[in-house]
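**Q** Got a structure here, written out as structure tokens. Questions coming.
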Amino acid sequence: MRGLADDKPEVQISAIYVLAGMGAREVTPAFISLLPNPDERVSNASREALQTLWANALPDPKPGTVDEWTAFWNA
């Protein structure tokens, strides 16, 4: 979890993939908060992780924006 708050994008990306690989759905709000990250690598990794974690539960159309992911998480 600490890696998500690191100031180095490479550390954030690694943390995202590790947490997603662990199936840690409880970090969904942290991944959502990284979607608008100015570094597209971090933003894209977060989006991929969310889609991986929730692949079986995502509605059609799939959430794409911060607001859509937030609504999905709150539901």
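**Q** Can you tell me which residues in region 18-43 are under 19 Å from VAL66 (Cα atoms) and open to solvent by 70 Å² or more (accessible area, probe 1.4 Å)?
**A** Within region 18-43, ARG25, GLU26, SER33, PRO36, PRO38, GLU40, ARG41 qualify.
**Q** The conditions are (1) at pLDDT below 95; (2) not in a helix (DSSP H, G or I), and PRO36 fails exactly one of them. Which is it?
**A** For PRO36, the failing item is (1).
**Q** I need every pair where a residue in region 14-41 that is farther than 14 Å from THR52 by Cβ has its Cβ under 8 Å from the Cβ of a residue that is part of a loop (DSSP other than H, G, I, E, B) and open to solvent by 20 Å² or more (accessible area, probe 1.4 Å), sequence separation at least 6 or different chains.
**A** Within 8 Å, the pairs are ALA15/MET1; ALA15/ASP6; ALA30/MET1; LEU35/THR65.
**Q** Could you list all residues from region 5-20 that are modelled with pLDDT under 95 and of a type outside the set (D, E, K, R)?
**A** Passing the criteria: only ALA5.
**Q** Please go through (1) open to solvent by 90 Å² or more (accessible area, probe 1.4 Å); (2) within 13 Å of the chain's Cα centre (by Cα) for ARG2 and return the number of the only condition it doesn't satisfy.
**A** (2)
**Q** Does region 54-68 contain at least one residue that is closer than 17 Å to MET1 by Cβ and of a type outside the set (D, E, K, R)?
**A** No, because not a single residue in region 54-68 is closer than 17 Å to MET1 by Cβ and of a type outside the set (D, E, K, R).
**Q** In addition: Could you tell me whether region 21-40 includes any residue that is under 13 Å from TRP73 (Cβ atoms), basic (Lys, Arg) and under 10 Å from the mean Cα position of the chain (by Cα)?
**A** The answer is yes, given that some residue of region 21-40 is under 13 Å from TRP73 (Cβ atoms), basic (Lys, Arg) and under 10 Å from the mean Cα position of the chain (by Cα).
**Q** What pairs can you find where one residue is in region 50-75 and open to solvent by less than 100 Å² (accessible area, probe 1.4 Å), the other is modelled with pLDDT under 90, and their Cβ atoms are less than 8 Å apart, with a gap of 6+ or different chains?
**A** What qualifies is GLN51/LEU58; GLN51/LYS62; PHE72/LEU58; PHE72/PRO59.
The values are calculated or read from the model by the stated rules, or taken from the named source; none is laboratory data. Computed from a prediction, not measured in an experiment: that's the story for all the values here. Here Cβ is always computed from backbone atoms with ideal geometry, including for glycine, and neighbour counts include all displayed protein chains. In case anyone asks, the SASA skips ligands and DNA or RNA and just uses the protein heavy atoms, side chains included. Shrake-Rupley method; radii C 1.70, N 1.55, O 1.52, S 1.80 Å.
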